[in-house]
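Since the structure comes first, as structure tokens, the remarks are kept for the end.
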Amino acid sequence: MADSIIQLKDISVIFKDEQKELTAVKDVNLEIEKGDIYGVIGYSGAGKSTLVRVINLLQKPTKGTVQVNQQQLLDLDESKLRQARKKIGMIFQHFNLMKSRTVLNNVEYPLLRESISKSDRQDKARKLLELVGLAEFENAYPDQLSGGQKQRVAIARALANDPEVLISDEATSALDPKTTMSILKLLKHLNQQLGVTIVLITHEMQAIKTICHNVAVMEKGQIIERGPVASVFTEPQQPLTKDFVDTSTNVKEALARIGNDPQISKLDENQRLITLSFVGQSSKQSLISELARKLNVDANILFANVDQIDGISVGTMIAILTGTPDTLKQAVSLLTENGVKITEVKSSALKEDVAND
Amino acid sequence: MINLLPNVIHMKDQFITATWETIYMTFLSAIIAGVIGLALGVLLVVSQKHGILEDSIIYSFTDKTVNVLRSIPFIILLAVIAPLTNYIVGTTIGTTAALVPLIFGIFPFYARQVQNALLEIDPGVVEAAQSMGSSPIGIIFSVYLREGLPDIIRASTFTVISLVSLTTVAGAIGAGGLGDVAISIGYARFEGDVTVVAMLIILVLIFAIQIIGDRLAKHFEQF
Ligand SMILES: Nc1ncnc2c1ncn2[C@@H]1O[C@H](COP(=O)(O)OP(=O)(O)OP(=O)(O)O)[C@@H](O)[C@H]1O
Ligand SMILES: [Mg+2]
């Protein structure tokens, strides 16, 4: 694709020790479009950091090719590679600011060896600090700042060379939820205002839901699922993906709680425990009241959650439907016709789940 | 005064000369060994595994050399190195001749101190600099030596203090300085007051070095 700014082809990274070999990334292909916010999600050790460090060749792949900004990075010599890296900003979980420099000097750092006058350099650094909302902190030292502020400085620093790509490796993992949100909002704003393509590594679906358009799910060094966030979120194919989704909608937690309720094990013939998920318009329709009105099926809602994903609302519910076997069947088809995905939850399965936890 | 310091009183000039000799030996060897040790300390850190200029051959060679040199007791080093001293300086006696063993005695020690100081720097900061396209030289000067400066100053203070005591050992075999005075006059002629005064002057020197070092380290350590 002409528009893709990052193209990783058949990337494998193998770490060799004296005794053992570890394949951290295995045959990964990844294309990211210019201007996208692309999420990479996976549990610790999945190989996310190793994979994104291949993008700026901080990690040389054992196999495969890396193209960024129309350049084959593996073909470049050291000094050309350094030039290319300037167009790939990176931010980290632990900020990695220089303690001995002020906030302003930290942001200036990437420009120190550029042919730019000191006053231009400082002007630029000040503009960037303004962009991330830290203009008044230019003379502070990193140790005087909060985590969120440090990450803002790191973002300003990463933008100093006007990069085309910004890689964020768990940049919000050390921050509280509120600060995480504000950093994610800032990233989205930078994506819209500067057009910078963002690659966002995380182990939290929440971050992906908040700003990403596309997502890849990693497990054991491989991408096991990928696509637009809304579709991956509503129709997860792999168990791991489903796990991330359920954790982020709190469905998992809710099911565990419901499983502990003694009433649930006493569901009779005429009752069904189901989870419903729906996308877009259908979430706004009052399908539940329709069930009661048209079919005389009563829905006892145990849990409900609506998310905004990439601008689309996605809802999840857990409910007990009560009716006759016949009307229950009709209720399920009515819901399905309206684009609601139904999964029946067996109370026996619930118990097992709980037992396993 | 005469009762308290019966011998020192007649040796004022000798003490002044000896003090200057000690300062001369300490600082000249500190500067030369400092440059060598700093370079080797940096070399050890950048060439180590996952270092910015990883090179296992250079690393293990440097590492072993430093280890071996550090293991030689200074008094033996003085003797072993005498031919080299003679070759470089033309004599093995006197303060200038003492510089050679002092430098060899201290630079491996200092290299380790510098290495340890630099290892304290968060590798994440180095990685960030790499991701911004900094060159290895840029990283050495703008990250390692800059971020590590307070620790390097502390290590240097410690090293210079160790050097002062090495100069006294060298003094015992004819290098001059306060050690020479304390041993060849104070100790050999049973003039106890001479030994004590030599020791006091050395202590004053060491305290002065410590205070200057602490001030400098504080100054460069913003927080
Ligand atoms: N330099 C290295 N040498 C050897 N093994 C490594 C190296 N870097 C990473 N690994 C291993 O590769 C695997 C993937 O690590 P990676 O850091 O990419 O995971 P991750 O998905 O980023 O995890 P986390 O969420 O903990 O950051 C892990 O098993 C890790 O131990
Ligand atoms: Mg990681």
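The values are calculated or read from the model by the stated rules, or taken from the named source; none is laboratory data. Note that the structure is a prediction, hence the values are computed from the model and not measured. Backbone-built Cβ (ideal geometry, glycine too); neighbour counts: all protein chains shown.
Brief remarks follow.
- Counting only helices (runs of 4 or more DSSP H) that sit wholly inside region B:128-214, those with at least 1 residues that are within 14 Å of chain A (Cβ to nearest Cβ) and closer than 30 Å to A:Leu159 by Cβ are B:136-139, B:149-170.
- Residues of region A:35-86 classified as within 13 Å of chain B (Cβ to nearest Cβ) and assigned to a loop (DSSP other than H, G, I, E, B), total: 7
- Enumeration of residues in region A:167-193 that are among the hydrophobic types (A, V, I, L, M, F, W, C) and more than 16 Å from ligand 1 (Cβ to nearest atom): A:Met181, A:Ile183, A:Leu184, A:Leu186, A:Leu187, A:Leu190
- Residue check, A:Ala331 out of contact with any helix residue (DSSP H, G or I) (no Cβ under 9 Å at 6 or more places or on another chain) and in a helix (DSSP H, G or I): no
- Some residue of region A:1-12 being in contact with a helix residue (DSSP H, G or I) (Cβ under 9 Å, 6 or more places away or on another chain) and either at pLDDT below 95 or more than 15 Å from ligand 1 (Cβ to nearest atom) (or both): yes
- Any hit, region A:87-100, residues being assigned to a loop (DSSP other than H, G, I, E, B), away from chain B (no Cβ under 14 Å) and surrounded by fewer than 23 Cβ atoms within 10 Å (Cβ to Cβ): no
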